[in-house]
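Undergrad: After the structure tokens below, expect a handful of questions from me.
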Amino acid sequence: MNHHWTAEHDAFRQRLRDVLQRHLPTDWDERSHLDPSELYVADFARNFCPALAREGLLIPHWPKSAGGVGLDAFHHWILGEEMMAAGEPRAYQYMNVNWIGPAILKFGTPTQIDHHVSRITSGSVFWCQGFSEPNAGSDLAAMRTRAEKTADGWRINGCKIWTSGASVADYCFLLARTGEGKRSISAFLVPMNANGIRVKHIPGLCGERSFHEVFFTDVEVADDTLLGEAGSGWTVMKNVLHNERIGLPRYALAERGLEQAVQWLKTRGRFDDTAVRTSALRVKAACEAARQQALKIIDSRVKGEPPSALTNVARYSLVQADRRLGEFLGDFLHEVVVSGSDPVIAAAYRRTASSGIGAGTAEVQLNSIARQLLELPREPQAA
């Protein structure tokens, strides 16, 4: 696929760049570290996202009936590209826009939609996702967090890990087991101020507050926190993962990091080296491949085609682009990476650390491609 943007799309992109130039401080890169997990960025987003909403740029691709502008999915992707290249000044509100809001619109009751969607469309709420667990990362079927039915609702006990944005989240999009077996997983919309929830920050390379553990101890929630029917969690998840796996155009920041790295190498007289130039071209090619694979998925959404394993291909392409960049920076600009002296290069390198883990590991993507796209047989189990 060789995608060409229309004049309308180009005008939309320029409008976004004008808004970013108007709202971001001149020292944004240095203050934010281009890290959406930083508390500074979360505080900034509390004013920036409502400003985007007022300009009709927070959820432009949502239907007008849900508070959006009704633009096509390509506009949404352009929005993601520009925000990612700028270090994601929406902080973790991008999750609201990309998949939490659409999931609530698709599976929620009128009361849930009325309560949650208005907060998302106004840019006034933060969400986190409670999926992975200490012993159930990519294998959600192994999760142990349980929600037991009570007279007034549900009682939740368990632990989630690697939860992005939990420090600032108002709600958690939670998966919990409500029975036995693979089909007994349910989705809940849990307020993070509920009694019995404890959040523990996990320090790490990926960002200031990228990861957390979230503990649920006898957390009592009302019946209306259940999204969809009890046991329908897998149906909800299929919809979520289709939107989440290419929800962020990660290559946009990777390309910016590559451009910055090339400038550094040129000023130091090191870009004339054939090995350096060849490696840079490989990163650029990987980023372009990731873009084209992602646009193929966006095109299928515009045409109303059902999700397929091509989404996994697109996600794996994003992972490969990030990995190529990480190797390039480590090989030729390791001193800049280690010092953190350039915020763009440092941020681009940090993002590569989680690329093959988030939204399902790279190995999970390959397994899905093998089974669903290539129709390869499963590997025989050891006796």
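Undergrad: Considering the values (i) 156; (ii) 123; (iii) 131, which represents volume of the Cα convex hull per residue in Å³ as calculated for the structure under consideration?
TA: Entry (i).
Undergrad: Please report the antiparallel percentage of DSSP beta bridges with both residues in the range 100-186, rounded to the nearest 5.
TA: Percent antiparallel among DSSP bridges in the range 100-186 is about 60.
Undergrad: Tell me which residues come under 5 Å, amide H to amide H, from LEU227 once H is placed; ignore anything under 5 positions away on its chain.
TA: Close amide H contacts, sequence-distant or interchain: ALA187, PHE188, LEU189.
Undergrad: Could you check how many percent of all C-alpha pairs in the range 296-346 are farther apart than 12 Å?
TA: Looking at the range 296-346, the distances longer than 12 Å represent 70 percent of pairs.
Undergrad: Run the numbers for GLU305 and ASP223: contour at 0.36 nm per residue of separation, minus the present Cα-Cα distance, in nm.
TA: Going from the current span to full extension adds 26.1 nm.
Undergrad: With n ≥ 4 as the cut-off for DSSP H runs, can you work out [θ] at 222 nm for the chain, using -39500 (n - 2.57) per run divided by the number of residues, rounded to the nearest 500?
TA: -15000 deg cm²/dmol
Undergrad: For the chain, set up a GNM with springs between Cα atoms under 10 Å and report which of GLY181, GLY80, GLY207 has the largest fluctuation.
TA: Sorting by GNM fluctuation, first place goes to GLY181.
Undergrad: Given the chain, what percent of its DSSP beta bridges are antiparallel, to the nearest 5?
TA: Once the DSSP bridges in the chain are tallied, antiparallel ones form about 85 percent.
Undergrad: On to the next question. Please list VAL190, VAL337 in order of solvent-accessible area, largest first, computed with a 1.4 Å probe with all protein chains present.
TA: If we order VAL190, VAL337 from most to least accessible, we get VAL337, VAL190.
Undergrad: Let me ask something else about it. If you roll a 1.4 angstrom probe over the protein chains with everything in place, what fraction of the accessible area of the range 150-269 belongs to carbon and sulfur, to the nearest %?
TA: 48 percent
Undergrad: Also, I was wondering about something else. Which of the helices in the chain meet the span-like rule: DSSP H, Cα axial reach of 20 Å or more, Kyte-Doolittle mean at least -0.5?
TA: 39-54, 251-267, 274-302, 310-332
Undergrad: Considering only C-alpha atoms, what is the centroid distance from the range 152-197 to the range 1-70, in Å?
TA: 29 Å
Undergrad: Could you name the aspartates and glutamates in cross-link range of LYS303, using Cα to Cα under 13 Å and dropping any fewer than eight places away on the same chain?
TA: Qualifying aspartates and glutamates at Cα under 13 Å: ASP72.
Undergrad: Stokes-Einstein diffusion coefficient for the range 212-337 at 20 °C in a medium of 1.002 mPa s, Rh from the Kirkwood formula over Cα pairs: what value in µm²/s?
TA: Answer from the Stokes-Einstein relation: 123 µm²/s.
Undergrad: I need to check one value: relative contact order of the chain, counting alpha carbon pairs closer than 8 Å and at least 6 residues apart, in percent.
TA: Relative contact order of the chain: 15 percent.
Undergrad: Still on this structure, please answer the following. With every protein chain left in place, what is the accessible area per residue of the chain in square angstrom, probe 1.4 Å?
TA: Accessible area per residue: 45 Å².
Undergrad: Sort 224-231, 89-96 by packing, meaning the average of other beta carbons within 10 Å per residue, with the highest value first.
TA: By packing density, highest mean first, the sequence is 89-96, 224-231.
Undergrad: Pick from THR109, THR352, THR121: which is most flexible by mean-square fluctuation in a GNM of the chain where alpha carbon atoms under 10 Å apart are linked?
TA: THR109
Undergrad: Could you calculate the FRET efficiency of ARG268 with ARG31 from 1/(1 + (r/R0)^6), where r is the beta carbon distance between them and R0 is 25 Å, rounded to 0.05?
TA: For ARG268 and ARG31, the calculated efficiency is 0.40.
Undergrad: Can you compute the charge dipole magnitude of the range 167-219 about its Cα centre, using +1 on each Lys and Arg Cβ and -1 on each Asp and Glu Cβ, nothing else charged? Give it in debye, rounded to the nearest 20.
TA: The dipole of the range 167-219 has a size of about 160 debye.
Undergrad: May I pose another question? Given springs between every Cα pair under 10 Å in a Gaussian network model of the chain, which of ILE202, ILE345, ILE298 has the largest fluctuation?
TA: ILE202
Undergrad: Now a separate question. Of the listed peptides 263-275, 65-77, 9-21, what is their order by residue-averaged count of other C-beta atoms within 10 Å, with the highest listed first?
TA: Those peptides, ordered most packed to least, come out 65-77, 9-21, 263-275.
Undergrad: Here is a further query. For ASN47, project a label point 7 Å along Cα to C-beta. Then give me every residue of the range 56-94 with its amide nitrogen under 18 Å of that point.
TA: The answer is 88-93.
The values are calculated or read from the model by the stated rules, or taken from the named source; none is laboratory data. Not measured: the values here are computed from a predicted model. With ideal geometry, Cβ positions are generated from the backbone for all residues, glycine too; neighbour counts draw on all protein chains shown. Just so you know, the surface numbers come from the protein's heavy atoms only, side chains and all, with ligands and any DNA or RNA stripped out. Shrake-Rupley method; radii C 1.70, N 1.55, O 1.52, S 1.80 Å.
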